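The values are calculated or read from the model by the stated rules, or taken from the named source; none is laboratory data. Values in this document were obtained by computation on a predicted structure and should not be read as measured data. Heads up, the Cβs are rebuilt from the backbone with ideal geometry, glycines too, and the neighbour counts pull from every protein chain shown.
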């Protein structure tokens, strides 16, 4: 039996500029600041399975997950915003297009 990998973000320290956008965004407190004042994953078990919110908000593209965003998950994210009566964030649309080559109907 193949064991599924734990869903938690990884930070590429060579790309991270410690802007703390991920720390401010994540209400599950997955990220924190270490003694050197650098962003780190402090509670990976708190991460919501298949959430990529911090990844697409990271201006340095320094956060990755065990599985990439798929067309299906991108469409689910867009549908969530639409259901709430909100516009799909341009940052999300741009990110999935640039990083994964996916298109989203934002209408």
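Scanning region 46-59 for residues that are surrounded by 15 or more Cβ atoms within 10 Å (Cβ to Cβ) and over 13 Å from residue 9 (Cβ atoms) gives no hits. Scanning region 9-18 for residues being part of a loop (DSSP other than H, G, I, E, B) and surrounded by 14 or more Cβ atoms within 10 Å (Cβ to Cβ) gives a total of 3. Taken together, the residues in region 77-86 that are surrounded by 12 or more Cβ atoms within 10 Å (Cβ to Cβ) and either in contact (Cβ under 8 Å) with a residue 40 or more places away in the chain or over 24 Å from residue 19 (Cβ atoms) (or both) amount to 3.
Checked across region 46-60, the condition of being in contact with a strand residue (DSSP E or B) (Cβ under 8 Å, 6 or more places away or on another chain), touching a residue at least 12 places away in the same chain (Cβ under 8 Å) and closer than 20 Å to residue 99 by Cα holds for at least one residue.
With respect to the conditions (1) farther than 23 Å from residue 101 by Cα; (2) over 15 Å from the mean Cα position of the chain (by Cα); (3) exposed (fewer than 15 other Cβ atoms within 10 Å of the Cβ), residue 24 lacks only one, and its number is (2).
Out of curiosity, is residue 28 in the same structural domain as residue 7 (by TED's automatic domain parsing), under 16 Å from residue 7 (Cβ atoms), free of Cβ contacts under 8 Å to residues at least 60 places away in the same chain and touching a helix residue (DSSP H, G or I) at 6+ places or on another chain (Cβ under 9 Å)? Yes, satisfied.
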